[in-house]
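Quick notes on the structure that follows.
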Amino acid sequence: MIKKIILIFCLFLVVGCTNDINDLTLEEIIDTSIKEDTNLHNTNNKGYRYYLPSEFTVKKNSDFNQELVSHNKVYYLNVDIVSYYYKKEDYVERDISDYKYYSFEEDDKTGYLRIRKINDNFFVELCYNYAIIEVEVEESELRYAVSRGIIILKSIRYNDLVIEKYINDNDLQSSETIYKIPEPKEKDDSKNILQYIEESEKEE
């Protein structure tokens with residue numbers, strides 16, 4: 001009997017959370033998530049750790065650049081320990097062609113959500129806590145992508161001693177960043193950076 005009650009309660013929580021997300025705007029999802037006081041983590045890396053939701057798996061790990069997969073979509077997580085070390089935040093201005101742009105601030109850290117429509121899909125760029133997540137999804141998946149993305153970014157905790165040693169050993173300057181993804185000199189506006197990455201990997 002107790003097991004049945006617990007199961008019903010868990011199902012209620014899952015359904016309730018799903019309905020809550022669907023009832024919120026993207027801005028409200030971000031504002032609600034970054035104000036939650038959580039200190040969860042289940043994934044460790046060089047100089048930082050973070051919480052990876054259960055629906056995600058790590059496809060590729062290159063220390064500061066990771067490919068995460070959820071619902072057959074690849075999320076690119078890029079952690080910029082140099083900007084964290086020098087407390088230099090990356091900020092992108094709103095572009096007139098953006099489908100949606102939202103800037104926010106919490107705990108003396110700023111962030112932004114930038115969404116661009118590319119054909120029938122949406123390219124999501126979510127930046128906060130000296131890290132960025134990029135993914136291309138369908139319109140129906142936007143709330144899921146943003147809600148999971150901000151959970152991951154907010155959960156990142158940095159190890160100052162490891163980061164300081166890494167920066168000193170590699171002689172990295174404040175002008176350099178770990179997560180910057182090189183874009184082609186002649187960029188086709190019909191493509192996004194994820195498509196260029198995939199094409200580059202195939203060529204290699």
>> Under 5 Å between amide hydrogens, which residues at least 5 positions from Y48 or on another chain qualify, with H placed 1.01 Å from N in the peptide plane?
In response: N159
> Hey, any idea what the orientation-averaged projected area of the convex hull of region 58-141's Cα atoms comes to, in nm²?
Replying inline: 6.3
> Which ³J(HN,Hα) values, rounded to whole Hz and listed in residue order, are derived for region 40-51 from phi using the Karplus coefficients 6.51, -1.76 and 1.60 in 6.51 cos²θ - 1.76 cosθ + 1.60 with θ = phi - 60°, glycine and proline given as x?
Replying inline: 8, 7, 9, 9, 10, 8, 5, x, 6, 9, 7, 9
>> Sort 122-134, 151-163 by packing, meaning the average of other beta carbons within 10 Å per residue, with the highest value first.
In response: 122-134, 151-163
> Is there a pair in K87/K154; K46/K165; K60/K109; K73/K117 whose C-alpha atoms are over 22 Å apart, and which pairs would that be?
Replying inline: K60/K109
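No lab work stands behind these numbers, since they all come straight from the coordinates. The shown structure was predicted, so the numbers you read here are calculated from the model rather than taken from an experiment. With ideal geometry, Cβ positions are generated from the backbone for all residues, glycine too; neighbour counts draw on all protein chains shown.
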